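A quick write-up on the structure given underneath.
Bear in mind that the values in this text are calculations on the coordinates, not laboratory data. Keep in mind the model is a prediction, meaning the values are calculated, not measured. FYI the Cβ positions are ideal-geometry reconstructions off the backbone, even for glycines, and counts take in every protein chain you see.
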Amino acid sequence: MSAILLTGGAGFIGSHTAVELLNAGREVIIADDLSNSEVSVIDRIETITGKRPVFIKADVADASVVEAIFASHDISAVVHFAGFKAVGESVAKPLEYYRNNLDTALTVLETMRRHDCRHFIFSSSATVYGDNSAAPFSEESPTGNCTNPYGWTKYMIEQILQGTGKAYPEMAIAILRYFNPIGAHESGLIGEKPNGIPNNLLPYITQTAAGIRKQLSVFGNDYPTKDGTGVRDYIHVVDLAKGHLAALNYAEKNTGVQVFNLGTGTGYSVLEMVESFKRVNNVDVPYAIAPRRPGDIAECYAEAKKARELLGWHAEKNLDDMCRDAWRWQQNC
Ligand code: UD1
């Protein structure tokens, strides 16, 4: 059977996607340089699924390495997760972000062309919607005006993929715009391990509940939202991973470029998240209201219709599941 290559497959979303693909009977090859993940994840994927993915420690910006992977395996599709993803760091290190994120995508795509590999699934982000219009964002909403280099790399790779799809109409490319992935596998074996002080809300909440951080800063309570705090479309990472399997199934039956929002379609505020986390897990999360964080928008949530209609996929887990699974992982990791 031909295999699916997951670049960056040892990371947060990649590892959960590997589990879903293996559970669906797919052959999985993970290529990851372990720059933001640990090799023990491969064992844990095996523990969960009973199947061991092939693991290759590789930087997929290195053309000769990627060529060797394609030369020695029968790869029918690539799910491309590899890339730097820390928004704040991208502001401080723009050249590294542009170089790495564009290089990895281009190198993988060029190698796929040489080997006539036609299916490409890309990790994009709702950040490409910037503040061009108001939520809910549909796939047709305007993009651009990104507020940081990380977001621009996603925007630029989307442009590269649109051009690639036009030039090579036999290819099938799915651009997946993730909203806010959180939670962890219910086994508690895989999840997100932020480097240093977390920037994202849920990792900060779990570390505060665990006593690693003193209190959560709620960035702004004067937004035009239900309770004044920022509203986001949080999606359980296992639902998100299943969205990749649905996109792969779709790409295998179609050609061309399609953009899909992967979100729940429902927005929750920062305070709703804190309250849900406290209630579900019966723990305290001390917090204080702080100034708005530069670059944040008031509301970001998806119009989730297209993925439901074309992929037959929708998010099934609720906010309580996300809070429970995130806390289980925090206590295990
Ligand atoms: C951020 C990135 C986005 C990226 C996504 C990955 C920005 C501007 N956007 O989205 O590009 O794809 O992470 O998950 O950084 N909040 C607090 N206190 C905290 C942390 C967050 O109040 O300590 C609030 C934020 O103001 C926001 C919400 O929680 O309203 C969610 O924040 P976060 O988890 O950082 O995600 P985004 O900013 O939506």
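Numbers below:
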quantity	calculated
Peptide ranges 114-124, 62-72, 79-89 listed from the most packed, as the mean C-beta count within 10 angstrom indicates	79-89, 114-124, 62-72
Cα-based convex hull, region 156-233, per residue volume (Å³, whole number)	187
Size-normalised alpha-carbon gyration radius of the chain, reference 2.2 N^0.38 Å	0.95
Model label zone, residue 63; criterion: amide N under 13 Å from point 7 Å along Cα-to-beta-carbon; scope region 98-119	103-104, 106-114
Stretchable slack from residue 249 to residue 320, in nm (0.36 nm times residue separation minus alpha-carbon distance)	22.6 nm
Calculated diffusion of region 185-330, Stokes-Einstein form, Kirkwood radius summed over Cα pairs, 4 °C and 1.567 mPa s, µm²/s	78
Share, in percent, of DSSP beta bridges within the chain that are antiparallel, nearest 5	5
Förster radius 41 Å - calculated FRET efficiency between residue 140 and residue 331, Cβ distance, rounded to 0.05	0.45
18 Å Cα-Cα reach of residue 253 towards lysines, excluding residues that sit fewer than 8 places from it in its own chain	166, 242, 306
Residues in region 174-194 reached by a label modelled at residue 226 [backbone nitrogen below 17 Å; 7 Å Cα→Cβ]	180
Full-stretch length increase - residue 170, residue 40 - with 0.36 nm per residue and alpha-carbon distance subtracted	43.1 nm
Where only C-alpha atoms are counted, convex hull volume of region 1-70 per residue in Å³	71
Förster radius 51 Å - calculated FRET efficiency between residue 289 and residue 24, Cβ distance, rounded to 0.05	0.70
Cβ-Cβ FRET estimate between residue 310 and residue 95, R0 fixed at 51 Å, reported to 0.05	0.85
The chain - mean residue ellipticity at 222 nm from DSSP helices (-39,500 (n - 2.57) per run, n ≥ 4, rounded to 500)	-12500 deg cm²/dmol
Reference-scaled alpha-carbon Rg (2.2 N^0.38 Å with N residues) for region 1-135	1.08
Qualifying lysines (Cα of each under 20 Å from Cα of residue 214; at least 8 residues distant if same chain)	193, 278
